[in-house]
Each structure stands twice: as structure tokens, then as C-alpha cells.
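**Q** Okay, here's the structure, questions in a sec.
The values are calculated or read from the model by the stated rules, or taken from the named source; none is laboratory data. These numbers were taken from a predicted model, which means no experiment stands behind them. Glycine also receives a Cβ, built like all others from the backbone with ideal geometry; neighbour counts cover every protein chain displayed.
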Amino acid sequence: MVDWFAVRQLMLTSSDMFPSPPWEKHVNKMDALIRCDQVQIVERCLKALHRGLQWAMEYDLRAGRLAQKKLGSYFLIEDEHMIGVFKDCSQVQCRKHYPTVYPKTLQEYIEHQASGDSFIVAEVVFEKDNLRLANRYEQRRQSQLLRDVIYPALVGLMIHYSDGYLKTDWNDQKSLSLLCVRARQAPGNLLNTSLLTDIFTDHQKSDAYLIEHSPLELFYETHSPFNINIKLPESEHLMEQGFQESRGDVQ
């Protein structure tokens with residue numbers, strides 16, 4: 001049996017760790033319950049998110065409000081209990097803690113965290129046992145998830161499949177417009193020009209909007225731009241494996 005309370009504390013996805021004060025009801029973590037018929041969509045979307053981030057790192061896309069911060073080291077964990085995209089936060093602070101091989105299962109993740117060798121947290125994770133989808137950001141910080149994780153992954157996918165047509169400087173108006181056109185069928189019109197601009201210029205406004213329009217919808221709705229099958233040619237698959245091994249991202 002999995003102690004999900006303890007696992008959520010490790011992943012930083014537990015609402016119980018961050019009780020809401022009396023004056024604020026929107027501090028807890030954001031999560032969503034998934035229907036059984038949406039499970040395959042969630043798994044497909046998370047795999048596409050991971051691959052988009054891999055391509056974004058290869059294209060040296062930047063994150064942050066000024067689009068100057070290097071993307072972190074992201075990898076996928078998948079087993080019978082969960083699937084999720086995780087970030088190694090320790091490698092940003094101290095290179096000597098950069099793991100040779102990342103955990104590939106929930107049990108390996110628990111053991112890795114307990115060792116104290118690095119600090120790995122979930123960006124977006126689906127608990128298969130509980131049909132629960134969650135991310136590690138508080139409800140009033142969801143713009144950071146879009147700005148630093150979701151949009152770079154989408155642009156990484158777009159650049160790859162457009163053969164480099166899209167500019168790698170994705171924080172410019174032309175790139176934002178192309179992204180909106182590409183994802184115009186996204187649920188709740190979440191990917192719109194106004195929101196894309198606000199996450200860089202007015203995060204409080206975008207955070208308030210995202211409380212009512214959860215970005216988690218991008219990982220379980222049929223029309224999500226992440227709802228695609230990533231199929232790599234054998235040659236590219238071998239190159240990807242070598243790229244991951246060089247970064248410690250072996251899956």
C-alpha cells in the first residue's frame with residue numbers, strides 16, 4: 001500500500017501541508033479528480049508535456065517573467081501507481097548533487113528523496129490509484145506553472161513539428177500569436193493572447209483567472225494541445241536516449 005499522504009509531502013502536492021488561513025481560501029494546492037474514461041488522455045498529455053520540455057531544453061528556450069531563466073531538468077516517472085513530470089531542483093543550486101540516473105518508479109522516487117542526495121518535486125502528477133491529478137503550485141501561483149512549464153513545453157513541441165519555423169524567442173508577440181492559433185481548441189479558451197501576456201506582465205490578474213479556469217484542464221480534456229501521441233523515429237529515439245543519459249534523464 002502506498003502512503004499517499006507521505007508521498008504528496010515529498011512531491012509538494014499535498015494540500016494538507018498548506019492549510020488555508022481564515023482570511024484566504026485559495027492557498028491550497030490545485031488538484032482534480034479524473035474520470036476513468038479520461039485516464040488515457042491524462043497519460044498521453046503528460047508524456048507530451050515531458051517531451052515538449054525535452055525539446056524546449058534542446059532548443060535552449062528560456063522561462064521566467066523576463067524569459068531569461070534556463071529551464072530546469074525535467075524527467076518522467078511512470079509505473080502502475082502514478083505518472084508524472086518531475087523537476088530536479090537541486091541541480092540548479094549545486095551541480096555535485098546532479099543524479100546520474102533519475103528514479104523511474106514511485107518506490108525509487110521515495111528512496112531517492114529519503115537519501116537526501118537531491119531535491120525532486122512534481123510539476124504535474126497523476127495518481128493512478130486515486131484518479132487524482134495535481135501540481136505543486138498553490139492556487140494563487142498557477143501562472144508560474146503556465147509560464148515556466150506548460151508554455152515552454154507547448155512551444156518546444158511546436159518548434160519541433162514546424163521544423164524550426166517558429167522563433168525560439170517564444171516571449172515575442174508573433175510566437176505568442178502562433179501559439180494561440182495552434183491551441184485555439186484548448187478547453188475554456190485557456191490559451192488566449194490576453195492570458196499569455198498577463199502571465200509575464202500581470203501575474204496577479206492571471207492567477208485570479210486561473211483559479212476559475214484550472215490549467216489542469218490541459219491534461220484531461222480531449223481538445224488539449226497536449227493530447228497527442230509522440231512517436232519518434234528509431235534514429236531519433238536513439239539520439240534521445242543518448243541525450244537523456246548525458247543529462248541523467250534515463251527513463
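**Q** Which residue pairs have Cβ atoms closer than 8 Å, lie 6 or more positions apart in sequence or on different chains, and pair a first residue in region 190-214 that is under 13 Å from residue 146 (Cα atoms) and of a type outside the set (Phe, Trp, Tyr) with a second residue that is modelled with pLDDT of 85 or more and not in a helix (DSSP H, G or I)?
**A** 190/213; 214/30; 214/32
**Q** Which condition number does residue 136 fail, the rest of (1) among the charged types (D, E, K, R); (2) in contact with a Gly (Cβ under 9 Å, 6 or more places away or on another chain); (3) in a strand (DSSP E or B) being met?
**A** Failed condition: (2).
**Q** Now a separate question. Out of the residues in region 45-66 that are among the charged types (D, E, K, R) and touching a Phe, Trp or Tyr at 6+ places or on another chain (Cβ under 9 Å), state the one that is modelled with the highest pLDDT. Even if it seems obvious, please write down each step before you answer.
**A** Step one: of region 45-66, the residues among the charged types (D, E, K, R) are 47, 51, 58, 60, 62, 65.
So of that shortlist, the ones also touching a Phe, Trp or Tyr at 6+ places or on another chain (Cβ under 9 Å) come out as 47, 58, 62, 65.
Details: 47: 95, 58: 85, 62: 68, 65: 58.
The extreme case among them is 47.
**Q** Here is a further query. Name the residues in region 178-216 that are modelled with pLDDT of 75 or more and not in a helix (DSSP H, G or I), would you?
**A** 202, 213, 214
**Q** Tell me, which residue of region 79-91 that is over 14 Å from the mean Cα position of the chain (by Cα) and not aliphatic (A, V, I, L, M) is modelled with the lowest pLDDT?
**A** Quick first cut of region 79-91, residues over 14 Å from the mean Cα position of the chain (by Cα) only: 79-82, 90-91.
Among the residues that remain, those that are also not aliphatic (A, V, I, L, M) are: 79-81, 90-91.
On the way: 79: 97, 80: 97, 81: 97, 90: 75, 91: 58.
Top of the filtered list is 91.
**Q** I've got another one for you. Got at least one residue in region 122-136 being on the phi < 0 side of the Ramachandran plot and modelled with pLDDT under 90?
**A** Step one: of region 122-136, the residues on the phi < 0 side of the Ramachandran plot are 122-130, 132-136.
Going one step further and asking which of them are modelled with pLDDT under 90, we end up with none.
Looking for residues that are on the phi < 0 side of the Ramachandran plot and modelled with pLDDT under 90, one finds none in region 122-136, hence no.
**Q** Okay, moving on. Scan region 1-17 residue by residue and report those that are surrounded by 13 or more Cβ atoms within 10 Å (Cβ to Cβ) and modelled with pLDDT under 90. Reasoning before the result, please.
**A** So the first thing to find is which residues in region 1-17 are surrounded by 13 or more Cβ atoms within 10 Å (Cβ to Cβ), and the list is 2, 4, 7-15.
Matches in region 1-17: 14, 15.
**Q** Taking interchain pairs and intrachain pairs at least six residues apart, which have beta carbon atoms under 9 angstrom, with the first residue in region 132-146 and without any contact (Cβ under 8 Å) to a residue 60 or more places away in the chain and the second assigned to a helix (DSSP H, G or I) and aliphatic (A, V, I, L, M)?
**A** Listed pairs, sorted by first residue: 144/199.
**Q** Among residues belonging to region 100-116 that are more than 22 Å from residue 52 (Cβ to Cβ) and surrounded by 15 or more Cβ atoms within 10 Å (Cβ to Cβ), point out the one that is modelled with the highest pLDDT.
**A** Quick first cut of region 100-116, residues more than 22 Å from residue 52 (Cβ to Cβ) only: 100-101, 105-108, 110-116.
From the residues that got through so far, the ones that are surrounded by 15 or more Cβ atoms within 10 Å (Cβ to Cβ) too are 106, 110, 112-113.
Details: 106: 97, 110: 94, 112: 90, 113: 89.
Only one residue tops the list, namely 106.
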